[in-house]
Amino acid sequence: MVEPSRWQQIIEQDPGHSQRYIQRFRMMAAEGRDLLGEARTVAAMCAPGARVLDAGCGPGRLDGHLHSQGYVVVGVDVDPALIEAAELDHPGPTYLVGDLAELDLPARGIDEPFDVIVSAGNVMGFLAPSTRVDVLRRLAAHLAPEGRATIGFGAGRGYGFQEFVADGQAAGLSLDVAFESWDLRPFTTDSQFLVAILSKA
Ligand SMILES: C[S@@+](CC[C@H](N)C(=O)[O-])C[C@H]1O[C@@H](n2cnc3c(N)ncnc32)[C@H](O)[C@@H]1O
């Protein structure tokens with residue numbers, strides 16, 4: 001057992017949290033809001049047919065779309081309620097409940113590594129601090145030799161950007177390039193959001 005993620009701690013204190021999160025994204029989708037920015041970045045990184053792992057996929061807002069574009073998508077999330085919603089709202093990809101700190105997809109019958117791993121929506125900020133390097137290590141272990149991970153999260157969530165980059169190094173992932181948004185604006189010292197593209201060191 002690993003230390004439970006901050007997300008799990010929130011759910012424990014507030015059991016309605018997951019359903020409200022699910023409903024919020026259903027409402028935004030119904031309003032026609034653009035929820036696919038990160039999926040477009042993934043699509044720029046690899047062609048249809050590529051294998052994509054969504055690490056902390058939540059209710060699957062990126063995954064159904066990428067699946068419909070011909071990507072082979074696996075989504076993993078620690079919250080069973082969100083995985084249930086992903087299967088309902090965005091069917092097609094393979095969805096699994098699991099903690100990223102213990103990610104072992106070959107043990108669950110998924111042997112092929114991934115061309116791109118995406119982790120959007122501040123997943124890094126919700127990890128239990130003691131598991132951060134392990135999570136990054138497990139992501140590295142699931143990347144193909146030429147694969148890349150793209151990970152986005154905001155400042156002010158208790159996980160400094162420099163610390164994240166250092167943890168990536170410790171986990172065998174080196175930073176190729178940093179942006180401040182999913183539409184790839186350059187990262188600067190003033191940036192309040194990081195979209196990191198990392199590859200195996
Ligand atoms: C704000 S949500 C983002 C969901 C999705 N990536 C998106 O952008 O729509 C953060 C997600 O991180 C997941 N998460 C946090 N810690 C995790 C962990 N250790 N393992 C797997 N998922 C985790 C939560 O369950 C939650 O779905």
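The values are calculated or read from the model by the stated rules, or taken from the named source; none is laboratory data. All values reported here derive from a predicted model rather than from experimental measurement. Glycine gets a Cβ as well: all are built from the backbone with ideal geometry, and neighbour counts include every protein chain shown. Just the protein is used for accessible areas: all its heavy atoms, side chains included, with ligands, DNA and RNA removed. Shrake-Rupley method; radii C 1.70, N 1.55, O 1.52, S 1.80 Å.
Values as computed for the structure displayed
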| read-out | value |
| --- | --- |
| Residue list for region 143-170, filter: open to solvent by less than 10 Å² (accessible area, probe 1.4 Å) and either within 15 Å of the ligand (Cβ to nearest atom) or in a loop (DSSP other than H, G, I, E, B) (or both) | Ala149, Thr150, Ile151, Gly152, Phe153, Gly154, Tyr159, Phe164 |
| Residues of region 46-76 classified as away from the ligand (no atom under 13 Å from the Cβ), free of Cβ contacts under 8 Å to residues at least 40 places away in the same chain and not aliphatic (A, V, I, L, M), total | 7 |
| Residues of region 98-107 that turn out to be within 15 Å of the ligand (Cβ to nearest atom) and open to solvent by 60 Å² or more (accessible area, probe 1.4 Å), as a count | 2 |
| Filter result (of a type in the set (A, V, I, L, M) and either within 13 Å of the ligand (Cβ to nearest atom) or open to solvent by less than 80 Å² (accessible area, probe 1.4 Å) (or both)) within region 23-45 | Met28, Ala29, Leu35, Leu36, Ala39, Val42, Ala43, Met45 |
| Subset of region 5-22 [open to solvent by less than 90 Å² (accessible area, probe 1.4 Å), within 13 Å of the ligand (Cβ to nearest atom) and either more than 18 Å from the chain's Cα centre (by Cα) or not β-branched (Val, Ile, Thr) (or both)] | Ser5, Arg6, Trp7, Gln8, Gln9, Ile10, Ile11, His17, Ser18, Tyr21 |
| Among (1) surrounded by fewer than 19 Cβ atoms within 10 Å (Cβ to Cβ); (2) within 16 Å of the chain's Cα centre (by Cα), the one test that Gly75 misses | (1) |
| Total residues in region 108-136, condition part of a helix (DSSP H, G or I), away from the ligand (no atom under 12 Å from the Cβ) and open to solvent by less than 10 Å² (accessible area, probe 1.4 Å) | 0 |
